[in-house]
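Below is one structure; the comments refer to it alone.
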Amino acid sequence: MTEFKTHAHDVLVIGAGGAGLRAAIEAKTAGADVGLVCKSLLGKAHTVMAEGGMAAAMGHVAPADSWKVHFRDTMVGGKLINNPTMAQLHATEAPDRVRELEAWGAIFDRTPDGRILQRPFGGHTHARLAHVGDRTGLEMIRTLQDRAVALGIQVYMECTVTRLITGADGVRGAFGYWRTTGRPVAFASKATVLATGGIGKAYTVTSNSWEYSGDGQALAYEAGAELIDMEFVQFHPTGMVWPPGVRGLLVTEAVRGEGGILRDKDGRRFMWDYLPEDRRGEYAATDEEAATWVEAASRSRPTDARRPPELSTRDNVARAIYTEVKEGRGSPHGGVFLDISYLPPEHVKRKLPSMYEQFKELADVDITRGPMEVGPTTHYMMGGIRVEAATGETTVPGLFAAGEVAAGLHGANRLGGNSLSDLLVFGARTGAAAAKRAASVAASPYLDPVQLQGANAALAAPLERADGEDVYAIQRDLQEMMGRLVGIYRTEAELDEAIVRLADLRGRWRAVRATGGRAYNPGWNLVFELGNLLTVSEAIARSARQRTESRGAHSRLDYPATDDLTWGGRNSTIARAADGTMAVRATPLPAMSDELRGLLDPAHQAVAS
Ligand SMILES: Cc1cc2nc3c(=O)[nH]c(=O)nc-3n(C[C@H](O)[C@H](O)[C@H](O)COP(=O)(O)OP(=O)(O)OC[C@H]3O[C@@H](n4cnc5c(N)ncnc54)[C@H](O)[C@@H]3O)c2cc1C
């Protein structure tokens, strides 16, 4: 029997992005002994890539903004299937969390009178995103990391968790291995927080880093937790399309927030044709009105002009670009054109420094002199682990989740900027709740040796097989299949085919072989990540098949309408392990109070009642 080094903590936080760091800080401040595990180096989490900003109704640029408008925007953007309590907590608490970050050392861009500057983004009624140029995530991670280190939080870097260890009383800890050596390690914890981020690596074209392999979703699922609304995968409208090596890399929505115009190959501004009828009144009616809005936004001045059509919600813009390309009006490399070069070059370089460098370095395009080529890219997971709104507690005792791995706040479509504020608001809440739970558990939990040995045997198996398939081939097939059959547009026949193909891929994965040693072995590491990607892909495909309507990021060609009678505002999909298979069912959404419903427009109130 292998002996494991076991580290014991009151609270174990798995994931050191914005959500994990914020949870760890809160738990530590509440008096808990905290261990923080991450599979890359501290500071390298995906949050560091965030560009455009964090949404919080502080009203620095638009005094008319308030939590009520932010709540409404989030609900309407999410097509009313958001958890209303989460949307309320997020909208009310985000401003304090941003100010707190500033107090901890984050240096935001400023208004002329010295307050935190806020920029417009798609689906937000007002300029609302606190930002640091287009490098907001870097500032956020730097600040949170400094704070966590100063508080003395114990960090375990380059350590991948592969299994949660459970007992009759719920989750008791975790098992994993050091990526540096391949050696196993165990953690005993009175409360465990998953903050492992998203799932983008299930698709070929994605803005996400290698870390986004759905680990937390799969770990929770295997421990008995529920995954909700997994059909809602956000395809960001603007990723790079050329050169091939950088296809999918994000082109921040801040480009459109600063006035970027989308055009087809003939120079036509096509977004005018795609505005949803029920929201058309919120957008400019002419090029001139849109230009007036851009001019005012660039000077942080209030205006009566309405926002440009490019600032429609992400799901809508992604479908528009997809359709333009499919119908033959795309750019030479299979995208469309995004143009900000009509603004003064110094302004573009100041507001979008990363985009300027990204296109110059990677595509030899000067965005101050000509347009970018862009197309949709897999970006964000709205679905995820089902949690209690106020505490982040999952349906499994002792297990909590926060950040992109958790679900509920964003409904069917996330508004840009709402993730970074989500990490802060719910990271803090979850950390506090985990510390409280830990305080109620008397002794460090006992870890079941049978589960530990089983997890250890699973680690060794791919290296011990004499033959078997290459893990990269299976991953390639998965990614290609997900893009083709479970992409922006879906049909029942394609989803059925995807489910069959996923079972086949799972069979191939079970016999996969890894070669080489255990130290820094990317092929061996990928085996476990691929297993997680297969679980989340199955949840996406099955949930997408279950939802027989189109809503937000989920577009069914065979059910093109939003079906408010069956699904409207009242149902989520839930995927759960049942007798060795994945069962998906619909479940009613949490009720919305009369007060919150009253904040919606009359048409939306009728749907939400
Ligand atoms: C290019 C880009 C730009 C974006 N810009 C914005 C923006 O401007 N505004 C906004 O609101 N949102 C933005 N987003 C979305 C936002 O950045 C993410 O949703 C958010 O950062 C996720 O944070 P997180 O804390 O949940 O996870 P992450 O920051 O991804 O952290 C996950 C952590 O979990 C660890 N981990 C994962 N699996 C394991 C495992 N098995 N064992 C141990 N550790 C594990 C990782 O090592 C990492 O430390 C952007 C996303 C991208 C891709």
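The values are calculated or read from the model by the stated rules, or taken from the named source; none is laboratory data. Here the structure is a predicted model, which means the values were calculated and not measured. Reconstructed Cβ throughout: ideal geometry from the backbone, glycine too, with neighbour counts over all protein chains shown. Surface areas here come from the heavy atoms of the whole protein model, side chains and all, with no ligands, DNA or RNA. Shrake-Rupley method; radii C 1.70, N 1.55, O 1.52, S 1.80 Å.
Please report how far the C-alpha centroid of segment 399-432 lies from that of segment 319-346, rounded to the nearest whole angstrom.
Between the Cα centre of segment 399-432 and that of segment 319-346, the gap is 31 Å.
Please give, to one decimal in nm, the separation of the simple spin-label points placed at Thr29 and Asp579, each 7 Å out from Cα toward the Cβ.
4.8 nm
Equivalent-ellipsoid semi-axes (√(5λ), Cα gyration tensor) for segment 1-51, whole Å, largest first?
Numbers: eigenvalues 105, 58, 6 Å².
Equivalent ellipsoid of segment 1-51: 23, 17, 6 Å, largest first.
Amide H neighbours of Gly197 under 5 Å, at least 5 residues apart or on other chains, H built in the peptide plane: list them.
Glu404, Val405
Given Cα positions, please report Rg to Rh for segment 1-154, the hydrodynamic radius being the Kirkwood one.
Result for segment 1-154 is an Rg/Rh of 1.04.
Got a sec to turn the phi values of segment 239-250 into Karplus ³J(HN,Hα) couplings, 6.51 cos²θ - 1.76 cosθ + 1.60 with θ = phi - 60°, whole Hz, x for Gly and Pro?
x, 5, 10, 8, x, x, x, 10, 4, x, 4, 5
Assuming a viscosity of 1.002 mPa s and a temperature of 20 °C, what translational diffusion coefficient in µm² per second does Stokes-Einstein assign to segment 509-609, Rh being the Kirkwood radius over Cα pairs?
127 µm²/s
For segment 379-387, what does the Karplus curve 6.51 cos²θ - 1.76 cosθ + 1.60, with θ = phi - 60°, yield as ³J(HN,Hα) per residue in whole Hz, taken in order and with x for Gly and Pro?
With coefficients 6.51, -1.76 and 1.60, one gets 10, 8, 10, 6, x, x, 6, 6, 10 Hz.
Write down the accessible area per residue of segment 15-172 in Å², having rolled a 1.4 Å probe over the full set of protein chains.
32 Å²
What's the extension gain from Ala442 to Asp366 if we count 0.36 nm per residue and subtract their Cα-Cα distance?
Taking Ala442 through Asp366 to full extension adds about 21.3 nm, to one decimal.
Averaging sequence separations of C-alpha pairs under 8 Å and six or more residues apart, then dividing by the length of segment 409-546, give the relative contact order as a whole percent.
Taking the mean separation of contacting Cα pairs over the length of segment 409-546, I get 27 percent.
One-quarter of the Cα convex hull surface for segment 89-182, in nm²? Show your work: numbers first, answer last.
Working: hull surface 40.5 nm².
Averaged projected hull area, Cα only: 10.1 nm².
How big, on average over all directions, is the shadow cast by the Cα convex hull of segment 305-427, in nm²?
Values: hull surface 42.5 nm².
With the hull built on Cα positions only, its mean projection is 10.6 nm².
What percent do you get for the relative contact order of the chain when only Cα pairs under 8 Å and 6+ apart count?
Once divided by the residue count of the chain, the mean separation gives 22 percent.
Any idea what diffusion coefficient segment 360-483 gets from Stokes-Einstein, in µm²/s, Kirkwood Rh on alpha carbon pairs, 10 °C, 1.306 mPa s?
Answer, rounded: 82 µm²/s.
Around Gly133, which amide H atoms from residues at least 5 apart in sequence, or from another chain, sit under 5 Å from its own amide H, with H modelled in the peptide plane?
Asp109
Restricted to Cα positions, what overall size does the chain have along the principal axes? Three whole-Å values, descending.
Principal-axis extents of the chain (Cα, largest first): 74, 50, 49 Å.
Taking a quarter of the surface of the Cα convex hull of segment 432-524, what do you get in nm²?
Mean shadow area of the hull around the Cα atoms is 10.5 nm².
Hey, any idea what % of segment 163-238's accessible area is carbon plus sulfur with a 1.4 Å probe?
Result for segment 163-238: 48 percent of the exposed heavy-atom area is carbon or sulfur.
Can you give the accessible area per residue of segment 510-609, in Å², using a 1.4 Å probe?
Working: 4360 Å² over 100 residues.
About 44 Å² of surface per residue is accessible.
Over all alpha-carbon pairs of segment 164-270, lay out the pair-distance distribution in 5 Å bins, whole %, shortest bin first.
2, 9, 13, 16, 14, 12, 10, 8, 6, 4, 3, 1, 0
Cross-link partners among aspartates and glutamates for Lys44, C-alpha distance below 13 Å, same-chain residues fewer than 8 apart left out?
Straight-line reach from Lys44, under 13 Å: Glu139, Glu158, Glu211.
Estimate the FRET efficiency between Gln605 and Asp113 by the formula 1/(1 + (r/R0)^6), using the beta-carbon distance for r and 30 Å for R0, to the nearest 0.05.
The computed FRET efficiency comes out at 0.20.
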